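Undergrad: Could you have a look at this structure, given as structure tokens, before my questions?
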Amino acid sequence: MSLSYIFREMLRPFYLLVGIFLVSISPMFTSVSGLQWPGFQAIGEVLQKIMSPGSLIYTNPTSGVERDLFPIIFKPFWSSMSVIGIALIVSLTSALFLSILLRFVSGRLYKGIMSIASIFQTIPDVVYVLVSQMFLVWVYIQTGVKFAKFTGTGTEEALLLPGVVLSLLPFIYFLKTILAMIKDEEGEPYVDLAASKGLHKLRIVCVHMLRNLLVRLAYQSKFIISLMISNLLIVEYLFNNFGMTVFLLNYTQPPVFFVTAILFFFPIYVGLKMIEGLLYLMTQQEVSL
């Protein structure tokens with residue numbers, strides 16, 4: 001790796017911290033009368049509180065009750081990360097399986113499924129959430145069987161169903177992208193060589209093409225993560241989950257918002273950097289996600 005690339009990558013966490021800090025203190029620059037300058041003392045007090053995150057206290061905007069930020073913040077953190085993890089696993093594995101399956105169906109059926117996928121891609125996540133909740137309630141009323149929690153209540157969180165709902169749009173994106181990649185890979189010389197040796201098409205796709213597909217798909221990871229995070233607020237709010245996005249929306253005190261946002265986004269940032277490292281080891285090319 002070049003020195004300029006290493007230096008640039010070392011500065012990125014600093015830019016992330018500065019950006020989140022500016023967003024955190026942005027409410028201090030507004031008032032009922034318009035824009036205002038909060039003063040260096042007020043900004044300094046925020047920085048001082050950030051330096052001692054263990055003593056931070058958040059205030060419920062409705063009841064006015066004050067609570068320590070730690071360790072309660074780990075509950076919404078675990079909830080959100082669990083939902084994102086379920087969504088990522090479900091969407092990727094389902095898209096890979098269906099993509100391989102679709103390579104063996106007729107052209108008419110293939111086009112029909114792709115048309116349906118395009119239609120579903122235009123439906124907002126709000127609709128998926130409401131329909132899934134209504135469907136589970138209907139099944140429970142009809143059969144008395146509860147397949148999964150469809151709303152968070154008290155200390156319990158609904159994780160499986162929100163994760164599945166959150167996976168729908170990434171699944172459609174993965175499906176269309178993987179199918180396009182498979183079509184591109186089919187024209188590569190190594191595929192023709194494998195076919196000339198009499199290897200079955202399924203083995204060619206699963207053994208020889210899948211590695212290249214996953215590498216190319218990793219380049220889309222930043223877009224996929226941003227897509228899920230943008231829809232996570234809707235999912236958590238409508239499923240009544242006490243997740244990180246709901247916490248950030250309700251508790252906007254600058255020090256609390258900054259620490260919470262760092263706790264939420266930093267693991268995602270580290271994950272993307274790890275993917276960059278793996279891509280570099282596999283391709284020997286500098287990658288910036």
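Undergrad: Looking at the structure I just gave you, is Pro38 in a loop (DSSP other than H, G, I, E, B) and in contact (Cβ under 8 Å) with a residue 12 or more places away in the chain?
TA: yes
Undergrad: Sort out which residues of the range 177-212 are assigned to a helix (DSSP H, G or I), closer than 23 Å to Thr93 by Cβ and of a type in the set (D, E, K, R), and write them in order of number.
TA: Lys183, Asp184, Glu185, Lys201, Arg203, Arg211
Undergrad: Okay, moving on. Do we have Phe257 as in a helix (DSSP H, G or I) and crowded, with 17+ Cβ neighbours inside 10 Å here?
TA: Criteria met by Phe257.
Undergrad: Give me a count of the residues in the range 12-43 that are farther than 24 Å from Thr260 by Cβ and surrounded by 11 or more Cβ atoms within 10 Å (Cβ to Cβ).
TA: 1
Undergrad: Something else about it: Looking at Ala117, Ala87, which is the one that is in contact with a Lys or Arg (Cβ under 7 Å, 6 or more places away or on another chain), touching a residue at least 12 places away in the same chain (Cβ under 8 Å), closer than 17 Å to Leu169 by Cβ and in a helix (DSSP H, G or I)?
TA: One residue alone meets the criteria, Ala117.
Undergrad: So in the range 58-68, with the set limited to residues that are part of a strand (DSSP E or B) and without any contact (Cβ under 8 Å) to a residue 60 or more places away in the chain, which one is farthest from the chain's Cα centre (by Cα)?
TA: Glu66
Condition check ((1) crowded, with 17+ Cβ neighbours inside 10 Å; (2) touching a Phe, Trp or Tyr at 6+ places or on another chain (Cβ under 8 Å); (3) modelled with pLDDT of 80 or more) across all residues:
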residue: Lys49; (1), (2), (3): yes, no, yes
residue: Tyr58; (1), (2), (3): yes, yes, yes
residue: Thr62; (1), (2), (3): no, no, no
residue: Phe70; (1), (2), (3): no, no, yes
residue: Ser79; (1), (2), (3): yes, yes, yes
residue: Ile84; (1), (2), (3): yes, no, yes
residue: Ala87; (1), (2), (3): yes, no, yes
residue: Leu92; (1), (2), (3): yes, yes, yes
residue: Ser106; (1), (2), (3): no, no, no
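The values are calculated or read from the model by the stated rules, or taken from the named source; none is laboratory data. Computed from a prediction, not measured in an experiment: that's the story for all the values here. A quick note on method: Cβ atoms are made from the backbone with ideal geometry, for glycine too, and the neighbour counts reach across all protein chains shown.
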